[in-house]
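Where a number appears in this text, it was derived from the coordinates with a stated rule and is not lab data. Everything numeric here is computed off the predicted structure, so don't read it as measured data. Here the Cβ positions follow ideal geometry from the backbone for every residue, glycine too, while neighbour counts run over all protein chains shown.
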Amino acid sequence: MTYQAKIEEFRRTIDGRGAPWNAIDPESAARMQTQNRFPTGLDIARHTAKIMREDMAAYDADPAAYTQSLGCWHGFIGQQKMISIKKHFGTTKGRYLYLSGWMIAALRSEFGPLPDQSMHEKTSVPALIEELYTFLRQADARELGMLFRDLDKARERGDAVETKRLEHAIENHETHVVPIIADIDAGFGNAEATYLLARKMIEAGACALQIENQVSDEKQCGHQDGKVTVPHEDFLQKIRAIRYAFLELGVEDGIIVARTDSLGAGLTKQIAFSDEPGDLGDQYNAFLDCDEVDPAQIGNGDVLITRDGKLMRPKRLPSNLYQFRPGTGEDRCVLDCVTALENGADLLWIETEKPHIGQIGGMVSRIREVIPDAKLVYNNSPSFNWTLNFRQQVYDAWAEEGRDVSAYDRNKLMSVDYDGTELASEADELIRTFQRDAAREAGIFHHLITLPTYHTAALSTDNLAKRYFGEEGMLGYVKQVQREEIRQGIACVKHQNMAGSDMGDDHKEYFAGEAALKAGGEQNTMNQFAAA
């Protein structure tokens with residue numbers, strides 16, 4: 001419905017109520033409704049799922065159409081990202097938000113900072129989704145509110161051209177509400193627990209849920225040791241549980257991202273159930289590290305399986321976990337991915353130990369032999385030392401080509417001494433084009449950084465503390481923060497406006513008319529930033 005149509009509809013409704021509603025202004029009501037385009041989280045989930053499905057189809061047609069996101073741990077962070085994206089690029093198309101379980105554990109748990117081991121309150125996950133969308137919806141309301149104010153001024157001036165332009169801008173306003181890929185870890189329990197949490201996350205607005213194949217109660221960060229995977233059927237039960245949650249809530253386009261940690265996971269807690277040779281359980285068990293056993297030598301408490309007609313003892317650790325054979329990680333990843341896509345997942349996530357296009361692309365090529373349109377979400381993780389990794393990749397490529405690398409120490413390539421070298425420049429160019437190249441060569445549809453603002457907040461706070469508490473004093477804040485906010489046009493320099501003060505004034509005027517006591521008068525110091 002158009003803005004003018006909303007006004008007319010409210011006019012008819014108000015007129016129909018007679019004198020008791022005479023003080024209600026139809027255009028004010030239309031403005032409030034326009035500023036709140038998504039009344040519920042399910043409205044958001046359906047809207048954003050459609051966006052993601054369209055983006056996935058666009059990527060299938062052209063791998064240059066990959067998408068990106070940055071991780072968030074607070075609604076304000078997500079809001080500022082989308083405001084910045086609209087400011088710099090004019091559209092939010094292809095840009096999402098990522099909700100990181102790592103950052104919830106580290107920054108949002110009532111227990112205080114926790115490792116990424118699913119120990120934080122699972123209710124904090126849907127709570128953060130709801131918070132993110134609350135801030136994004138406020139960004140819409142703020143931006144539209146400024147357009148409404150400009151529209152009123154244009155009408156007062158009798159400027160018909162500007163009035164028409166602003167009405168067009170209101171009709172075609174692009175929302176800040178974008179897809180959130182939300183981390184449900186390993187499901188926080190069994191399939192029923194996964195379903196219940198997924199339902200809460202979807203109700204909060206999530207259109208895409210990322211679930212991993214680790215054991216829920218042994219879950220580790222994807223870039224740490226000690227990871228333990230589950231048999232495929234256990235994982236598929238959770239994928240089905242999420243799909244049922246999407247369907248129950250009417251989000252038919254909901255997206256499931258199946259993550260495999262098998263590349264770095266050398267352990268399993270269970271031996272898979274197998275009905276017959278070659279079934280999925282048997283394929284999982286085939287990767288177990290086993291010793292052949294003489295029946296006469298079976299020991300107390302031994303767990304045994306048969307393989308190719310032989311009696312085998314899987315290697316079991318004192319922790320009661322079983323080992324996989326070394327070097328089977330990539331094969332297990334490929335099987336995980338194919339199995340997940342064949343059983344309802346939409347996208348894949350392969351957690352790797354380094355950002356290497358050849359390694360990722362090699363696995364994706366094998367997956368695509370079975371499922372041609374397989375595509376990935378990939379973690380451009382701060383856990384990788386990007387500088388060192390790519391300098392070493394260039395070093396290795398040069399050495400293989402027979403180029404002279406005697407001027408470089410491969411183990412010390414992170415050193416600032418190499419910053420101006422040809423090797424460093426080539427490595428930086430590979431980092432710059434990594435996402436584009438990986439989208440084309442390794443099937444990566446979506447690139448994300450899990451913890452960017454964790455690190456930017458730490459870095460900027462360190463720099464501010466050093467300057468403010470040092471010799472620069474107040475200049476340390478003014479020069480490095482406020483002056484740059486003004487000159488770069490950062491909306492938050494007018495922090496009262498960003499927090500909703502002007503929108504509150506609008507509402508006061510709607511509710512109280514001339515009796516409204518508004519905050520945005522001449523004495524408001526935010527007027528000092530009018531030129532900003």
Karplus ³J(HN,Hα) for region 480-491 (6.51 cos²θ - 1.76 cosθ + 1.60, θ = phi - 60°; Hz, whole; x = Gly/Pro) runs 8, 10, 4, 4, 6, 4, 5, 6, 8, x, 6, 4
Any idea which of A458, S100, A296 is furthest toward the positive side of the dipole for the chain, if Lys and Arg beta-carbons carry +1 and Asp and Glu beta-carbons -1? A458
Give the percent of DSSP beta bridges with both residues in region 222-356 that are antiparallel, rounded to the nearest 5. 60
Taking a ≥ b ≥ c as the square roots of the eigenvalues of the Cα gyration tensor of region 14-120, is the shape rounded (a/c under 1.5), prolate (a/b larger than b/c) or oblate? oblate
Total formal charge among the other residues, if their Cβ is under 14 angstrom from that of T163, Lys/Arg +1 and Asp/Glu -1: -2
Here region 251-257 yields Karplus 3J(HN,Hα) values (6.51, -1.76, 1.60; θ = phi - 60°; whole Hz; Gly and Pro given as x) of 10, 5, 8, x, 10, 10, 9
Could you tell me the center-to-center distance, by alpha carbons, between region 367-394 and region 55-124 in angstrom? 18
What residues qualify as long-range amide H neighbours of I255, i.e. H under 5 Å apart, gap of 5 or more or another chain, H built at 1.01 Å from N? A208, L209
Beta bridges by DSSP in the chain, antiparallel share as percent, to the nearest 5: 25
Show the residues, 5+ positions off or on another chain, whose built amide H is closer than 5 Å to the amide H of F287. none
Mind listing the phi-derived Karplus ³J(HN,Hα) values for region 315-329, rounded to whole Hz, using 6.51, -1.76 and 1.60 with θ = phi - 60°, and x for any glycine or proline? 6, 10, 8, x, 6, 6, 9, 10, 8, 8, 5, x, x, 9, x
Sorted on mean Cβ neighbours within 10 Å (highest first), peptides 287-299, 423-435 come out as 423-435, 287-299
For K227, list long-range residues whose amide hydrogen, built 1.01 Å from N in the peptide plane, is under 5 Å from its own amide hydrogen. G266
Given bins 10 angstrom wide, list per bin the percent of all Cα-Cα distances in region 79-121, short to long. 29, 29, 25, 17, 0
Cα gyration tensor, region 304-388 - rounded (a/c under 1.5), prolate or oblate: oblate
